[in-house]
């Protein structure tokens, strides 16, 4: 997948020094989990070609796009499975934009979606306001191609804003800055090169995008502006509609606001990584994002073989957080706003696990040490509060506890190698270790392992190496918490 933080230009556009400070705020670093919501016209056909991808190549990947939210592009590619299916089911004369009249969400759809985000343990929610198809989910003065004036008949982003605030969640807003296929005449995209090349960069489109983003800022004061792909190049120079002025307007409205890295300029907020495995602890805060399946938008053809189940989702969260990231996990509601059972079950299991082990995730920070830059197989670490919630979140940045997250409890105890054991013993109070709490029964989380096969969780020293026992009962990720020295 593409990384966006190193893509910027034109070369003579405004330099980094012209932009405000885009530091990642503490609320975001503490939140750890957000829910992305891809919901739009593409939720009506609800389809992408995923059943057999054995013959997908770089040459045909766009015609066989796995993202259902890209339906408006794939349906325009001659010979694509999407085009063939669309004409067969909907008729040759039925355009993608005709789905604007077919989309009729349930009256309580938004409240139900936000409710699922809250149940999953998310601290922020990010609905799509406008995807690349150009359909606006808010009541925009810039275009009649909106949910308020077409099928849904109402301002869905206003409903998301109200529901998120009522639930105590931070609000992010996704916006497609690079592409608006409703307002452009390009042929369909067929490659990553065309993704960046076939887009409008003229003054009129930059002013149009700026006006839409200002509406979102002024009406909803989003905590996070989540732009996609790039920004019109004409908007990257000095002027009243410049991106640097838009960022200032956003920070004036939301002083602890945040942006991401997909603007095509030499500054960024939080880094985004899409369907990527991060190999080691990162120096810079990042956001890992993906769908629960292979798509962000709802794809009716996806099944369990394409989707993360609850344990896999929990392991993903633990992995991302331990490496200095947040997880923005996507849900793709059906057109009526209901959450498919596969997605709902995974979200519910994640929320239940966080109800037991949230102290090992929320408000934590990664353990930065060269010995654990690449983390031991099956083991992750976070620094945070004690299990009872006592103490500050960090120490130097305050931590008072080391959380050990065992990704595969069924595999049984894990022994750290000598180097990692040594630094582990330097930072944490290991039961039975020298001047540590030898013989202290403590809590189940810090009690040394009793006998092999006893099923008790704990930490012990065996021949100078730290041995981590997950105990019985936890099916997803087991957590052991030790006080710091």
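The values are calculated or read from the model by the stated rules, or taken from the named source; none is laboratory data. Small disclaimer: the values here were computed from a predicted structure and weren't measured. Here Cβ is always computed from backbone atoms with ideal geometry, including for glycine, and neighbour counts include all displayed protein chains.
Step by step: first the residues of segment 108-129, then only those that are in a strand (DSSP E or B) and in contact with a helix residue (DSSP H, G or I) (Cβ under 7 Å, 6 or more places away or on another chain), then the one that is surrounded by the fewest Cβ atoms within 10 Å (Cβ to Cβ). Which residue is that? Among them, the one singled out is 124. One residue is enough: does segment 322-336 have a residue meeting the conditions within 18 Å of residue 474 (Cβ to Cβ), surrounded by 20 or more Cβ atoms within 10 Å (Cβ to Cβ) and not assigned by TED's automatic domain parsing to the domain that holds residue 421? Yes, there is a match, as at least one residue in segment 322-336 is within 18 Å of residue 474 (Cβ to Cβ), surrounded by 20 or more Cβ atoms within 10 Å (Cβ to Cβ) and not assigned by TED's automatic domain parsing to the domain that holds residue 421. Which one is surrounded by the fewest Cβ atoms within 10 Å (Cβ to Cβ) among residues in segment 68-88 that are without any contact (Cβ under 8 Å) to a residue 12 or more places away in the chain and more than 17 Å from residue 194 (Cβ to Cβ)? Per the stated criteria, the residue is 88.
Is there a residue in segment 455-472 that is more than 29 Å from residue 26 (Cβ to Cβ) and at pLDDT below 70? Yes, segment 455-472 has at least one match.
In this structure, is residue 94 at pLDDT 95 or above, over 30 Å from residue 399 (Cα atoms) and crowded, with 23+ Cβ neighbours inside 10 Å? It is false that residue 94 is at pLDDT 95 or above, over 30 Å from residue 399 (Cα atoms) and crowded, with 23+ Cβ neighbours inside 10 Å. Among the residues of segment 390-401, is there at least one that is over 22 Å from the mean Cα position of the chain (by Cα), modelled with pLDDT of 95 or more and farther than 30 Å from residue 301 by Cβ? Yes: one or more hits. If you check 315, 334 for being assigned to a helix (DSSP H, G or I), out of contact with any strand residue (DSSP E or B) (no Cβ under 6 Å at 6 or more places or on another chain) and touching a residue at least 24 places away in the same chain (Cβ under 8 Å), only one passes: 315.
Selection over segment 243-273 of residues that are closer than 12 Å to residue 224 by Cα, touching a residue at least 24 places away in the same chain (Cβ under 8 Å) and surrounded by fewer than 20 Cβ atoms within 10 Å (Cβ to Cβ) gives a count of 4. Name the residue that is farthest from residue 211 (Cα to Cα), counting only residues in segment 239-288 that are in contact with a helix residue (DSSP H, G or I) (Cβ under 8 Å, 6 or more places away or on another chain) and modelled with pLDDT under 95. Restricting to residues being in contact with a helix residue (DSSP H, G or I) (Cβ under 8 Å, 6 or more places away or on another chain) and modelled with pLDDT under 95, the top hit is 239. Please tell me if residue 53 is surrounded by fewer than 17 Cβ atoms within 10 Å (Cβ to Cβ), farther than 30 Å from residue 253 by Cα and modelled with pLDDT under 95. In short, yes.
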